[in-house]
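The structure appears right after this line, and notes come after that.
The values are calculated or read from the model by the stated rules, or taken from the named source; none is laboratory data. What you see is a predicted model, and the numbers here were worked out from it, not measured in a lab. With ideal geometry, Cβ positions are generated from the backbone for all residues, glycine too; neighbour counts draw on all protein chains shown. Protein only, heavy atoms only, side chains kept; ligands, DNA and RNA dropped before computing areas. Shrake-Rupley method; radii C 1.70, N 1.55, O 1.52, S 1.80 Å.
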Amino acid sequence: MAGPVQSIERAAAILRLLAGGPRRLGLGEVAASLGLAKGTAHGILRTLQHVDFVEQDAATGKYQLGAALLHLGTSYLDVNELRSRSLNWADALAARSGEAVRLGTPLEGRVLIVHHVFRPDDTFQTMDVGALLPLHASSLGKVLLAFGTAAVEPDREQEPRLEAYTRHTLIDPERLARALVEVREVGWAAEVQEMSMGEAGLAAPIRGHGGLVVGAIGLSGPVERICDSQGKPRPQLISLIREAARAISRDLGAARW
């Protein structure tokens, strides 16, 4: 019986490295981390780039995961276009807000993170691309729920069971329903220590042709930076997130609203 194919194992190792490390890695960093010769690492990266599993930044020459990986298993969504239209706006939002920015779309009752811009400082951060977040406990998920883009997966027996991640998580269906009504009314969503203590997030809907919500863009960070002393989201951050969402929506062909 044939053994494992070494080149495929190495390609998989590179993809895992890019998924779990800094936002972008240079050729030397990839080779050193995996104990590969630079020529070998470069050949594999070039092949992965050719099939869109890896992207290379034109300015720095560094590599990151490509959109094709995100598109696998989610062919009903045009993830590639949504992500490509959002790149510049997400970078600008991170720079202006000083916080991490994530782009999310629905996948099997959760939020799939398809793009992540690190907070523009020197703190340690982990790449979230490919991560799945709960709909009810994340600002991105609340947007998708509120505008009917996603739904909580039902329990096998009767009612959906909402997991409590912290004592602040909305697990009561009625309270969650009221919160989603408010999201539709104000046009943005917040989560304050609902998924992780000490962390907060804001998100706004991204619309495509016909005004349908196709995803959400959000920023997250320590609660004291996202919220004021009363625990309320800072108005300037709300304005920034909504401006970014409108700009991406216009690029996707949505009419002004």
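Details
- Condition met for Gly231 (open to solvent by 20 Å² or more (accessible area, probe 1.4 Å) and not basic (Lys, Arg)): yes
- Count - residues of the stretch 13-52 that are at pLDDT below 90, open to solvent by 60 Å² or more (accessible area, probe 1.4 Å), in a loop (DSSP other than H, G, I, E, B) and not β-branched (Val, Ile, Thr): 3
- Qualifying residue in the stretch 180-189 (condition: surrounded by 14 or more Cβ atoms within 10 Å (Cβ to Cβ), modelled with pLDDT of 95 or more and within 19 Å of Phe118 (Cα to Cα)): no
- Taken as a whole, the structure places Arg167 among residues that are open to solvent by 70 Å² or more (accessible area, probe 1.4 Å), of a type outside the set (Phe, Trp, Tyr), in a loop (DSSP other than H, G, I, E, B) and modelled with pLDDT of 85 or more.
- Residue in the stretch 105-122 that is over 19 Å from Gln64 (Cα atoms), in contact (Cβ under 8 Å) with a residue 24 or more places away in the chain, surrounded by fewer than 15 Cβ atoms within 10 Å (Cβ to Cβ) and of a type in the set (D, E, K, R) present: yes
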